[in-house]
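Reading through the structure tokens given below for one structure.
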Amino acid sequence: MAGKTLIFTVCSAEHYPFAQVLADSLPKELTFKIGMVGEVATSDLNVVQFRELPFEVIPEMHQRYDTPALVAAAKPFFASYFLLQNGIEHVIYFDPTTFVFGNFDDILQKSTTYDIVLTPRLTRKFGKSTYGDEKMFLNTGMYDNGFFAVRKSQNTFRFLEWWQQRLTDRAYLDLCNGMNHDQLWLNYVPILFENSCIYKNIGWNVGLQNLHERVLTFKDNKWVVNLTEPLVFFNFKECLEEGTEVKKMIKDSGAAKLLSSYKERLKQYTAVIPPVFSLRKSLHSPDSAFRKGLKDMLRTIVDTITYFPIYHKISK
Amino acid sequence: MTLAFTLCSINYLAQARTLGDSLKRTNPHIRFVIGLVDRLDTANVPVDKLPEFELLELHRIGIDGLDEMCEHYNITELNTAVKPYFFKYFFGKVPQVKNVIYFDPDIIVYQPLAELEALLEKNDFVLTPHLATPIEDQLTPNELHHLNTGVYNLGFIALHKSPEALDFVKWWEEKLFDECKIDLCNGLFVDQHWVNFAPVFWNNVHVEKHPGWNAAYWNLHERTFTEEEKGHFVNGQPVVFFHYSGYDPAKPSVISKYQNRFTFEQRPDLNPLFDYYRDELLRNHNAYYRQFPCYYIKSEPLYKYQRIRALLKKPFEKWLARL
């Protein structure tokens with residue numbers, strides 16, 4: 001089974017160190033490839049350039065998108081490219097900021113059982129947490145773009161082509177128009193494609209967006225989630241943001257040590273941790289208090305003029 | 001026992017009656033209730049214009065904070081926000097109820113719902129998606145629209161009385177008390193978008209993709225209709241229920257005011273279904289009911305001196321845009 005499985009990530013040159021750490025966490029017998037968006041100085045034979053893939057639309061995508069959108073949009077192109085390689089039956093994608101802690105067998109087993117495997121970004125209702133509230137997930141996506149596994153089949157290629165076509169020109173971050181890079185499109189997967197699995201294991205794809213429902217403890221030399229499930233993989237993407245709120249979320253969930261040891265590993269490859277796109281950060285505007293106050297004041301003036309009470313009442 | 005209900009104000013009673021008539025014909029064993037988001041006592045509807053179906057007025061189901069809800073919702077928002085409250089009422093107050101089905105008033109049920117009732121034996125939720133196959137064009141509505149407003153259509157939802165379903169109803173009530181708004185940039189689209197969470201937070205959710213279920217303007221691209229001796233068919237299967245969303249019998253040439261993909265000229269296969277619906281609505285006094293304003297909706301103020309207001313606002317809006 002191992003020989004038939006290929007694992008890949010997609011990143012920009014700046015984020016190459018993350019991909020190197022991810023590689024260190026994977027079982028050595030599995031093939032690992034790095035999809036690269038942009039030029040990187042490396043002799044690593046596992047690096048595959050996005051612009052060299054055999055798809056006509058790639059140059060126009062380079063013109064169209066900024067780096068976070070392009071990296072996101074490249075995923076299904078790499079996935080079908082790798083899935084078409086000789087002897088490959090299963091392809092698994094991880095975000096470069098992921099680290100695999102647990103037993104890989106469970107992941108392999110799921111990827112051989114279903115055509116498409118996704119993970120939900122969270123699994124339980126919660127109302128409101130420091131990360132955000134429930135409605136924030138509605139227009140950003142129910143299923144996480146940091147992980148997917150696909151099995152070679154006609155159905156899977158239909159899915160990948162469908163995703164590619166949409167990400168060619170609709171991979172912007174534009175929540176008001178139903179777009180959040182590659183992620184929001186995944187809402188359609190269980191509806192439009194057969195034989196897909198939304199796997200709700202709380203040890204999979206742990207990240208800032210679900211830390212409010214997961215407590216991590218180190219027990220018998222292993223990380224365990226909510227005292228029951230072994231930690232299988234953790235995506236540090238949004239955890240890398242500096243700031244007291246994020247620090248508190250990590251500390252409260254017991255993941256502080258996990259994060260600091262991850263950062264230690266990164267230091268082997270880079271002196272400075274490069275900034276990572278954080279959805280949460282981009283939604284919580286980084287306005288200063290003064291700017292915010294000024295905006296609120298201007299809005300109040302506009303509203304006062306709009307609704308100054310000279311009116312008559314009408315029934316529709 | 002299976003109970004089906006719809007929700008509307010008096011202005012939509014022709015639709016609700018048409019739905020009720022269709023259920024009575026096809027599923028006489030199902031108890032049908034019209035949840036009325038309105039008050040009969042103030043509207044003075046004459047007795048001969050009252051539907052023969054059970055009417056349950058909103059103020060009788062005991063919602064805490066109903067006044068507050070009416071205060072901040074318009075007629076569409078209020079009609080959708082009270083949906084879980086009615087579910088809770090039926091599950092809690094109607095003895096022997098096992099399944100509760102919600103249908104939008106602008107639906108006609110054409111077939112027995114035996115398959116749905118069988119599904120509810122094994123599942124706690126039954127939902128229908130807007131689409132079962134991709135849409136390749138970018139006319140309205142396309143795949144992006146449903147990403148903003150919800151992938152399941154909430155003109156239909158069926159629940160089996162179970163701890164999972166009751167837990168969902170309670171959560172949905174809390175959400176819709178003050179967040180049943182249309183605010184796409186913040187992820188809100190009335191009651192519908194919230195239901196994207198159903199298969200994530202709960203289990204035993206069945207998503208039915210049969211082309212005859214909840215066929216409507218948003219999935220015409222994948223469904224072709226025929227009229228045969230035995231009734232209406234779609235892609236060779238019986239039409240179980242059709243959802244005439246956005247159709248107005250006063251504008252019979254428009255399939256739906258919310259879509260621009262098809263006309264009746266391009267889709268003559270739709271004529272029998274819509275001709276029948278128009279006749280049914282006219283027979284059920286559509287024009288008469290349409291004139292009633294909803295009791296719960298306060299008259300809206302019309303602000304005078306719009307031009308002067310716009311002029312005064314201009315510099316502040318410019319400043320805001322630059323920030």
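The values are calculated or read from the model by the stated rules, or taken from the named source; none is laboratory data. No experiment lies behind these values; they were computed from the predicted model shown. Counting neighbours? That spans all protein chains shown, and the Cβs are built from the backbone with ideal geometry, glycine included.
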- Task: List every residue pair whose Cβ atoms sit under 7 Å apart, with the two residues 6 or more apart in sequence or on different chains, where the first one lies in segment B:80-91 and is surrounded by fewer than 22 Cβ atoms within 10 Å (Cβ to Cβ) and the second, anywhere, is modelled with pLDDT of 95 or more and of a type in the set (Lys, Arg).
- Result: B:91/B:161
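Okay, residues lined up against (1) of a type in the set (Phe, Trp, Tyr); (2) exposed (fewer than 13 other Cβ atoms within 10 Å of the Cβ):
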site: B:257; (1), (2): no, yes
site: B:267; (1), (2): no, no
site: B:284; (1), (2): no, no
site: B:296; (1), (2): yes, no
site: B:300; (1), (2): no, yes
site: B:317; (1), (2): no, no
- Note on the structure: Checked segment A:128-157 for anything of a type outside the set (Phe, Trp, Tyr), assigned to a helix (DSSP H, G or I) and more than 9 Å from chain B (Cβ to nearest Cβ); matches are A:154, A:155, A:156
- Exactly one of (1) within 20 Å of the chain's Cα centre (by Cα); (2) in contact (Cβ under 8 Å) with a residue 12 or more places away in the chain; (3) over 16 Å from residue B:293 (Cα atoms) is unmet by residue B:24. Its number? (2)
- Query: Looking at segment B:70-104, which of its residues are over 15 Å from residue B:158 (Cα atoms) and not in a helix (DSSP H, G or I)?
  - Reply: B:73, B:74, B:82, B:94, B:95, B:96
- Query: Wholly within segment B:186-241, which strands (runs of 3 or more DSSP E) include no fewer than the required count, namely at least 2 residues that are farther than 19 Å from residue B:22 by Cβ?
  - Reply: B:205-207
- Just one of (1) aliphatic (A, V, I, L, M); (2) touching a His at 6+ places or on another chain (Cβ under 8 Å); (3) within 14 Å of chain B (Cβ to nearest Cβ); (4) under 20 Å from residue A:33 (Cα atoms) trips up residue A:72, so point out which. (3)
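Pick from A:157, A:137, A:104, A:193: which is closer than 27 Å to residue A:249 by Cβ and among the aromatic types (Phe, Trp, Tyr)?
Details: A:157 fails: closer than 27 Å to residue A:249 by Cβ; A:104 fails: closer than 27 Å to residue A:249 by Cβ; A:193 fails: closer than 27 Å to residue A:249 by Cβ.
Testing whether each residue is closer than 27 Å to residue A:249 by Cβ and among the aromatic types (Phe, Trp, Tyr) leaves just A:137.
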- Yes/no for residue A:245 being surrounded by fewer than 19 Cβ atoms within 10 Å (Cβ to Cβ), within 14 Å of chain B (Cβ to nearest Cβ) and not β-branched (Val, Ile, Thr): no
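Show me the strands (runs of 3 or more DSSP E) entirely contained within segment A:171-238 in which 3 or more residues are more than 10 Å from chain B (Cβ to nearest Cβ), in contact with a strand residue (DSSP E or B) (Cβ under 7 Å, 6 or more places away or on another chain) and farther than 30 Å from residue B:133 by Cα.
Numbers: elements: A:196-198, A:216-219, A:222-225, A:233-235.
In segment A:171-238, A:222-225, A:233-235 are the strands (runs of 3 or more DSSP E) which contain 3 or more residues that are more than 10 Å from chain B (Cβ to nearest Cβ), in contact with a strand residue (DSSP E or B) (Cβ under 7 Å, 6 or more places away or on another chain) and farther than 30 Å from residue B:133 by Cα.
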- Of (1) assigned to a loop (DSSP other than H, G, I, E, B); (2) out of contact with any Phe, Trp or Tyr (no Cβ under 9 Å at 6 or more places or on another chain), residue B:67 satisfies all except one. Which? (1)
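For residue B:209, are the conditions met, namely being in contact with an Asp or Glu (Cβ under 8 Å, 6 or more places away or on another chain), at the interface with chain A (Cβ under 10 Å from one of its Cβ atoms), of a type in the set (Lys, Arg) and closer than 20 Å to residue A:142 by Cβ?
Numbers: in contact with an Asp or Glu (Cβ under 8 Å, 6 or more places away or on another chain): no; at the interface with chain A (Cβ under 10 Å from one of its Cβ atoms): yes; of a type in the set (Lys, Arg): yes; closer than 20 Å to residue A:142 by Cβ: yes.
So residue B:209 fails the test.
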- Task: Go through the residues of segment B:221-244 one by one and say whether even a single one is in contact with a Ser or Thr (Cβ under 6 Å, 6 or more places away or on another chain), touching a residue at least 60 places away in the same chain (Cβ under 8 Å) and under 20 Å from residue B:80 (Cα atoms).
- Result: no
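Among the listed residues B:258, B:217, identify the single one that is more than 22 Å from residue A:187 (Cα to Cα) and within 21 Å of the chain's Cα centre (by Cα).
Details: B:217 fails: more than 22 Å from residue A:187 (Cα to Cα).
Criteria check complete, one pass: B:258.
Looking only at segment A:46-61, which residues are in a loop (DSSP other than H, G, I, E, B) and farther than 18 Å from residue A:91 by Cβ? Walk me through how you get there before you give the answer.
Keep residues of segment A:46-61 that are in a loop (DSSP other than H, G, I, E, B), which gives A:46, A:53-57.
The answer is A:56, A:57.
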- Query: Within segment A:22-41, how many residues turn out to be within 24 Å of residue A:271 (Cβ to Cβ) and crowded, with 22+ Cβ neighbours inside 10 Å?
  - Reply: 4
- Query: Which of the residues belonging to segment A:295-316 are facing chain B (nearest Cβ under 9 Å), assigned to a helix (DSSP H, G or I) and modelled with pLDDT under 90?
  - Reply: A:295, A:306
